[in-house]
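Participant: Can you read through this structure? Questions will come right after.
The values are calculated or read from the model by the stated rules, or taken from the named source; none is laboratory data. This one's a predicted model, so the numbers in the text were calculated from it and none came from an experiment. We place every Cβ from the backbone using ideal geometry, glycine too, and count neighbours over all the protein chains shown.
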Amino acid sequence: MSSSPLIEVVFEVRFAPKNNFATELLIAINQVFGNHLSIIHADGLQFPAELKAQQQEFYYVPSYRVNYSLFSLWISDGALIVLMNTLDSQYKGWCDFKEIPLQIIEILKRKDKVNEIQRFSLKYTNLIPTELALKDLNISLKIGNKDLNESEKLSLKTEIKEGDFISITDISSHVELENRSDITGETRRLAGTLFIIDVISNKGISGSENVDADFLEGLEILHTKAKQIYSTIYQNKN
């Protein structure tokens, strides 16, 4: 995918949660990645075990944020999230980025969590500059007999399920937003058409003998689907 409109890339893996597992993961992550810039305590540390047992969603609230020079890791009792903001580093492409999720899987293997993976996903957030508006997006909509033109405000979200995969596309025109770096705190104001692609695999990894191959295959499918959506909808002529 072209890096020009790209704001952020996110990889998330969810697994069966365990109370205070985030702290175990933090130790394991430091052993693998090392050289972090900072470790931030987050909201997940505030929830008692009793509350998490009653309301499972609290297991997925991050307890720690670990900042590195090129990306951040969010750690909870039931998930690991990799966030790369182009404000911090240029996205060098899929081959480079996927090495981080592959290292994450190695950590989960060490913690005997691989066979408890419930889902993993890739999310790309793009902001197409205002001057391009909707003219470079391959979409056509009518309300009644009226065609929507470039000057109209648009918000469109689609969700398509194909087997174990879900592809979510979210397009909003005439958006103004603030992109903030978790690492440096730097901010930039952006305006244009927001184009988000979120592809999810609800298929776990079964059988430890094929973990690496199964996970890599799933990752590649996620990336291929996201790339196909991007190139089909965003008709960039540059």
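Participant: Looking at segment 51-60, is at least one residue among the hydroxyl-bearing types (Ser, Thr, Tyr) and under 24 Å from residue 184 (Cα atoms)?
Facilitator: No, because not a single residue in segment 51-60 is among the hydroxyl-bearing types (Ser, Thr, Tyr) and under 24 Å from residue 184 (Cα atoms).
Participant: Considering only segment 1-54, state which residues are of a type in the set (Asp, Glu) and either in contact (Cβ under 8 Å) with a residue 12 or more places away in the chain or surrounded by 14 or more Cβ atoms within 10 Å (Cβ to Cβ) (or both).
Facilitator: Hits for segment 1-54 are 8, 12, 24, 43.
Participant: Right, next: Quick check on this structure: which one of 92, 135, 113 is of a type in the set (Lys, Arg) and buried (at least 20 other Cβ atoms within 10 Å of the Cβ)?
Facilitator: Just one listed residue meets the conditions, 113.
Participant: Can you tell me which of 176, 220 is surrounded by fewer than 13 Cβ atoms within 10 Å (Cβ to Cβ) and closer than 30 Å to residue 38 by Cα?
Facilitator: 176
Participant: Looking only at segment 173-187, which residues are at pLDDT below 85 and at positive phi?
Facilitator: Of everything in segment 173-187, just one residue is at pLDDT below 85 and at positive phi, namely 185.
Participant: Quick one: would you say residue 160 is within 19 Å of residue 200 (Cα to Cα), modelled with pLDDT under 95 and not in a loop (DSSP other than H, G, I, E, B)?
Facilitator: So residue 160 does not fit the description; no.
Participant: Would you be able to tell me the number of residues in segment 178-193 that are hydrophobic (A, V, I, L, M, F, W, C), under 15 Å from residue 9 (Cβ atoms) and assigned to a strand (DSSP E or B)?
Facilitator: 0
Participant: Quick check on this structure: which one of 198, 212, 164 is within 17 Å of residue 124 (Cα to Cα) and among the acidic types (Asp, Glu)?
Facilitator: Exactly one residue qualifies, and that residue is 198.
Participant: State which residue is nearest to residue 82 (Cα to Cα) when the search covers only segment 151-166 and only residues that are loosely packed, with under 13 Cβ neighbours inside 10 Å and acidic (Asp, Glu).
Facilitator: Selected residue: 159.
Table: residues versus (1) at pLDDT below 90; (2) of a type in the set (Val, Ile, Thr); (3) out of contact with any Leu (no Cβ under 7 Å at 6 or more places or on another chain).
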residue	(1), (2), (3)
189	no, no, yes
195	no, no, yes
200	no, yes, yes
206	yes, no, yes
211	yes, yes, yes
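Participant: Here's a follow-up. What's the number of the only condition in (1) surrounded by 12 or more Cβ atoms within 10 Å (Cβ to Cβ); (2) farther than 24 Å from residue 12 by Cβ; (3) among the polar types (S, T, N, Q) that residue 169 fails to meet?
Facilitator: (2)
Participant: Consider segment 195-217. How many of its residues are surrounded by 21 or more Cβ atoms within 10 Å (Cβ to Cβ) and either part of a loop (DSSP other than H, G, I, E, B) or more than 15 Å from the chain's Cα centre (by Cα) (or both)?
Facilitator: Number of matching residues: 2.
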